[in-house]
1. Consider the stretch 264-291. How many of its residues are closer than 18 Å to residue 213 by Cβ and not in a helix (DSSP H, G or I)?
2. For residue 81, only one of the following conditions fails: (1) part of a strand (DSSP E or B); (2) under 16 Å from residue 137 (Cα atoms). What is its number?
3. How many residues does the stretch 214-235 hold that are of a type outside the set (Lys, Arg), part of a loop (DSSP other than H, G, I, E, B) and out of contact with any helix residue (DSSP H, G or I) (no Cβ under 6 Å at 6 or more places or on another chain)?
4. Looking at (1) out of contact with any Lys or Arg (no Cβ under 8 Å at 6 or more places or on another chain); (2) on the phi < 0 side of the Ramachandran plot, find the lone condition where residue 248 falls short.
5. Between residues in the stretch 262-273 that are within 12 Å of residue 205 (Cβ to Cβ) and crowded, with 18+ Cβ neighbours inside 10 Å and residues that are among the aromatic types (Phe, Trp, Tyr) and at pLDDT below 95, which pairs lie under 6 Å by C-beta distance while being six or more apart or on different chains?
6. Can you pull out the residues in the stretch 292-306 that are part of a loop (DSSP other than H, G, I, E, B) and of a type in the set (A, V, I, L, M, F, W, C)?
7. When the residues of the stretch 84-115 are filtered to those that are over 23 Å from residue 148 (Cβ atoms) and in a loop (DSSP other than H, G, I, E, B), which remaining residue is farthest from the chain's Cα centre (by Cα)?
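The values are calculated or read from the model by the stated rules, or taken from the named source; none is laboratory data. Since the structure is predicted, the reported quantities are computational estimates derived from the model, not experimental observations. Using ideal geometry, Cβ is built from the backbone for each residue, glycine included, and neighbour counts are taken over all protein chains shown.
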Amino acid sequence: MRFSVTVLMLAAWTCLAEAEAVKSSVSASRFAPQRSRRMIGGLLAPHVPWQVFLNVSDDALGQGYAGGTLISDRWVLTAGTNLYVRMNRTEMKRNDPLIPKLYVGIVGLPEANASSEVEVEKIVLHPNFLNHSNWDNNLALIKLKEPVLMSDKVAPIPLPERGQDLTNITDGIISGWGWGALLTPATSLKYLILPIANHSSCKAYYKKKPFTPDVDDNMFCTSISRFGENVCFGDAGGALAVRDPDSGDVFVAGILIYDRNCRVRQYGIFLKMSSYLPWIHSVIRGDEENSPAVRAAAVSTMYSNV
């Protein structure tokens, strides 16, 4: 119960913060430089307890860091391609992912130090990772060596429950340290409120763009914000947090896999979490490949003995 209250308070605080920031940014627009009021753009975020800073390489010309999403006290979800640097699809399929440094509970990048670092135990890529393109099934689960200590600054975001999807949800919140208006990494965590886009329009849009994702039914898209802001390099792996309009529950609707929009592409692309729940749950509960068969055999044996 304590976690649910924390998440709801954060979501409410975030929406209020945006409303206030919008008022101030509009009134100051004639005087403030674009970068200061505008991830490309974005508002400075409060603590986002599920946000994880993921650093794969310090020598990757700005491509060595990304976002991650805490979904339990020992598991982080991210885009699988975040765990590779300067590799094409063939190379990623052939090589093991890099072990990143992970930091939780931070807002400013200077806070990414030994006190906020959590150690990685193992990485599990989706079994069909990049099977057909550079983006399909682009998910990785990262298991931590020790459970994180829960607080108002560090807490997981719930996965969707059965039946929870994007129906009647119009927008969501994403946070990250992605590139800003001058195409330089943000030093403080920012967030955007982005509208959910029409799936058919997004699919048709990217079908005309070479070297971009083939948007399928396991994906959904967001549009640019009303101020022309968008996700950019470094934001991939972040969660789109949404609120169920009926229950008020906050949950992760998707994980950002395509963060190359910036000012060039209209839509951000997310993997839909409801499509990947069976895989996520099977990994988190420690299933091996033969676990379902073992369980089924055990139950069959017990029934046969009755």
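1. Quick first cut of the stretch 264-291, residues closer than 18 Å to residue 213 by Cβ only: 264-273, 275-276.
After this cut, where a residue has to be not in a helix (DSSP H, G or I) as well, the list is 264-272.
Qualifying residue count for the region: 9.
2. Condition (1) is where residue 81 drops out.
3. Taking the stretch 214-235 first, the residues of a type outside the set (Lys, Arg) are 214-225, 227-235.
With the extra rule that they be part of a loop (DSSP other than H, G, I, E, B), the set shrinks to 214-218, 223-225, 227-229, 231-235.
Remaining after also requiring out of contact with any helix residue (DSSP H, G or I) (no Cβ under 6 Å at 6 or more places or on another chain): 214, 216-217, 223-225, 227-229, 231-235.
So the count comes out to 14.
4. (2)
5. Once the first residue is within 12 Å of residue 205 (Cβ to Cβ) and crowded, with 18+ Cβ neighbours inside 10 Å and sits in the stretch 262-273, its partners that are among the aromatic types (Phe, Trp, Tyr) and at pLDDT below 95 give 269/258.
6. Here is the first cut: in the stretch 292-306, the ones part of a loop (DSSP other than H, G, I, E, B) are 305-306.
Hit for the stretch 292-306 is 306, nothing else.
7. First, pick out the residues of the stretch 84-115 that are over 23 Å from residue 148 (Cβ atoms): 84-96.
Those still in the list that are in a loop (DSSP other than H, G, I, E, B) too: 84-88, 95-96.
Details: 84: 17, 85: 18, 86: 21, 87: 21, 88: 22, 95: 23, 96: 21 Å.
The residue in question is 95.
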